[in-house]
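The structure under discussion appears below in the form of structure tokens.
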Amino acid sequence: MSRPDDKQAARGGRARAVPKGRQPQTGAIGVVRALLAGRPLRRDLLIEHLHLIQDHYGQISAIHLAALADLMGLAQAEVFEVATFYAHFDVVKEGDPDIAPLTIRVCDSLSCAMAGAEALLAAVTAGAPEGVRVVRAPCVGLCDRAPAAEVGHNFIAPATVADILAAAEADDTHTAVPDYPDYDAYVAGGGYALLRALRDGSRDMESVLAAMDDAGLRGLGGAGFPTGRKWRSVRAQPAPRLMAVNADEGEPGTFKDRHYLQSDPHRFLEGTLIAAHVVEAASVVIYLRDEYPAAHEILRREIARLPAGGPEIDLRRGAGAYICGEESAMLESIEGKRGMPRHKPPFPFQVGLFGRPTLINNVETLFWVRDIVERGAAWWGGHGRHGRTGLRSFSVSGRVRQPGVKLAPAGITVRELIAEYCGGMAEGHDFTAYLPGGASGGILPASMGDIPLDFGTLEQHGCLIGSAAVIVLSGQDDVRAAALNLMRFFEDESCGQCTPCRVGTQKARMIMERGAWDRGLLDELVQAMRDASICGLGQAAANPVATVMRHFPELFEGAAP
């Protein structure tokens, strides 16, 4: 068979002197092959391989992209589009200067902004040593210890200028792993007895499903879908079935999954293996937020110690894309692609990871499985207030005396949460407003602080409980500025796939930056984003601005409608 260049010569043209496109360099191929250290070259491992290059060099150069593409048998365009999609990959194009060897990231999301992130960023930028890059970063999941910063992969919170610069000067770039109960400690406390009982047949799978149904456990990542019903739906699909764990909590204000992964990892892992056993999943992928390096190290260690006989567990790192918290975008990312949400139907329980029926649960949902089955559905249902049942892990940040993860009855009000679990408001602050469900959950005034916090109680007010991230504002905070901060976040994190979200978040931000909001235009924009966006990011991104216009009319008195 003739080559294209031969055909060109036969037509009287001049054959190409060199192959078309950028060619991989032999030396670069050898370097990348050594970094991969015999790892499989499967397409779905592309992001993991990009992490290896980024971690080693602090950037990803054009020659390394070309070498990786050559080794994996992929087009360079495929590798480039994936590498440039994710914020944690610093891609250096040909001819551009190298990235500084050390990067300091200062979180500027809402809780950190309220704690002085702008002043911190300015001071660190001014004082950074030569050869150190200082950039803004979206939420890093340390909202309870705001403001937060990252030196390499060393997270500092609450961060001071002195601490950040000292870490940079010392090249202290790794986060310490906290103490936690390991496999031996967990087993000594009765851990994995339930899993063994399921595997040896002394407990049947139907009893586990019945416990989930009777307890009414719902997905605690934000969607709130009944857990038992989801497991049954996956079981009804043809084998082989797979399981994916969504541990990519990127919602500003949310950090409960980090808390559970670092304080009791095997309770989560046992819940994961129980769910996998019930749906007969052939393998499990845990997709973990890249901002959680300590949790990554804990899971890496403890997964290796799990009892034999279960499905393989594959631990994957996200790469700095909030959109990958959306379940189908997460599946795309696990497959080594850009994290762009899929159109539905089909739904993941029908056609999910690698085209197979897939069970998707988040960390906290799986964390409670063992307790609900062993203690009984009545134990779970015995908690709750104001007509609600169960427990909720509230990630509380902002102007409270004692922020953190608060395990409280479902249906508790924000006033009760602040008074009973957070030690009241911080000194010198009065309660004026709150976000009941993180960045996309909307903003409510303190006068609406007696609404039970649970699924189905906030929707009529234009809000969502979501992942139960509560951010408390005081009279020292500008509610409109808070909404603008959140819209900037959504604009930056939009995957760009659909116009209503990609353009809508940008236009909303531009309108909100003006002194006076054009409320009529914003109302139209909000409706268009809700009606036409492909996924929940675009549909919920407008909740903060919509609820501010709805519930804070005093901020617009005298302004044009």
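Of all residues being assigned to a helix (DSSP H, G or I) and within 16 Å of A115 (Cβ to Cβ) in the range 476-485, which is least open to solvent (accessible area, probe 1.4 Å)? Just the residue, please. Ranking the qualifying residues of the range 476-485, first place goes to A482. A Cβ distance below 9 Å, combined with a sequence gap of six or more or placement on separate chains, defines the contacts here; from the range 408-428, residues that are farther than 19 Å from F455 by Cα reach residues that are at pLDDT 95 or above and of a type in the set (S, T, Y) in the pairs I418/Y434; M425/S474; A426/S474; G428/S474. Look at the range 199-226: where a residue is over 26 Å from A247 (Cα atoms) and a partner is open to solvent by less than 60 Å² (accessible area, probe 1.4 Å) and modelled with pLDDT of 95 or more, sitting 6+ places away or on another chain with Cβ atoms under 6 Å, you get R203/A197. Being buried (at least 20 other Cβ atoms within 10 Å of the Cβ) and part of a loop (DSSP other than H, G, I, E, B) is a property that does not hold for L473.
Which number in (1) open to solvent by 20 Å² or more (accessible area, probe 1.4 Å); (2) among the β-branched types (V, I, T); (3) part of a loop (DSSP other than H, G, I, E, B) marks the one condition that T125 misses? Against the list (1) open to solvent by 20 Å² or more (accessible area, probe 1.4 Å); (2) among the β-branched types (V, I, T); (3) part of a loop (DSSP other than H, G, I, E, B), T125 comes up short only on (3). Answer with yes or no whether R356 is open to solvent by 40 Å² or more (accessible area, probe 1.4 Å) and in contact with a Ser or Thr (Cβ under 8 Å, 6 or more places away or on another chain). Spelling it out, it is not the case that R356 is open to solvent by 40 Å² or more (accessible area, probe 1.4 Å) and in contact with a Ser or Thr (Cβ under 8 Å, 6 or more places away or on another chain).
Taking each residue of the range 232-248 that is closer than 19 Å to E291 by Cα and looking for partners that are at pLDDT 95 or above and among the acidic types (D, E) with beta-carbon atoms closer than 7 Å, six or more apart or interchain, yields N246/E327; A247/D257.
Would you check if A159 is assigned to a helix (DSSP H, G or I), open to solvent by less than 50 Å² (accessible area, probe 1.4 Å) and touching a strand residue (DSSP E or B) at 6+ places or on another chain (Cβ under 8 Å)? It is false that A159 is assigned to a helix (DSSP H, G or I), open to solvent by less than 50 Å² (accessible area, probe 1.4 Å) and touching a strand residue (DSSP E or B) at 6+ places or on another chain (Cβ under 8 Å).
For the subset of the range 1-36 comprising residues that are of a type in the set (A, V, I, L, M, F, W, C) and modelled with pLDDT of 65 or more, which member is surrounded by the most Cβ atoms within 10 Å (Cβ to Cβ)? Among those that are of a type in the set (A, V, I, L, M, F, W, C) and modelled with pLDDT of 65 or more, it is V32. If the condition is being closer than 20 Å to A321 by Cα, open to solvent by 20 Å² or more (accessible area, probe 1.4 Å) and either of a type in the set (A, V, I, L, M) or part of a helix (DSSP H, G or I) (or both), then the range 494-530 contributes T499, P500, R502, V503, Q506, R509.
Every residue in the range 457-484 that is under 21 Å from Q527 (Cα atoms) and small (G, A, S), please. If the condition is that a residue be under 21 Å from Q527 (Cα atoms) and small (G, A, S), then G462, G466, A482, A483 are the ones that fit.
Listed here are the helices (runs of 4 or more DSSP H) enclosed by the range 260-337 that have at least 3 residues being more than 24 Å from L209 (Cβ to Cβ), of a type in the set (F, W, Y) and over 22 Å from the mean Cα position of the chain (by Cα), and there are none. Is the range 531-550 home to any residue that is farther than 20 Å from S440 by Cβ, at pLDDT below 95 and open to solvent by less than 60 Å² (accessible area, probe 1.4 Å)? Within the range 531-550, not a single residue is farther than 20 Å from S440 by Cβ, at pLDDT below 95 and open to solvent by less than 60 Å² (accessible area, probe 1.4 Å).
For the range 186-198, the set of residues classified as over 24 Å from Q262 (Cα atoms) and either without any contact (Cβ under 8 Å) to a residue 40 or more places away in the chain or part of a loop (DSSP other than H, G, I, E, B) (or both) consists of A197 only.
Condition check for A410 on (1) of a type outside the set (S, T, N, Q); (2) surrounded by fewer than 23 Cβ atoms within 10 Å (Cβ to Cβ); (3) under 15 Å from V470 (Cα atoms): one failure, at (2).
Just one of the listed residues (G318, G325) is in contact (Cβ under 8 Å) with a residue 60 or more places away in the chain, in contact with an Asp or Glu (Cβ under 6 Å, 6 or more places away or on another chain) and open to solvent by 10 Å² or more (accessible area, probe 1.4 Å), namely G325.
The values are calculated or read from the model by the stated rules, or taken from the named source; none is laboratory data. Remember, predicted model here, so these are calculated numbers, not experimental data. Glycine also receives a Cβ, built like all others from the backbone with ideal geometry; neighbour counts cover every protein chain displayed. With ligands, DNA and RNA removed, areas are computed over all heavy atoms of the protein, side chains included. Shrake-Rupley method; radii C 1.70, N 1.55, O 1.52, S 1.80 Å.
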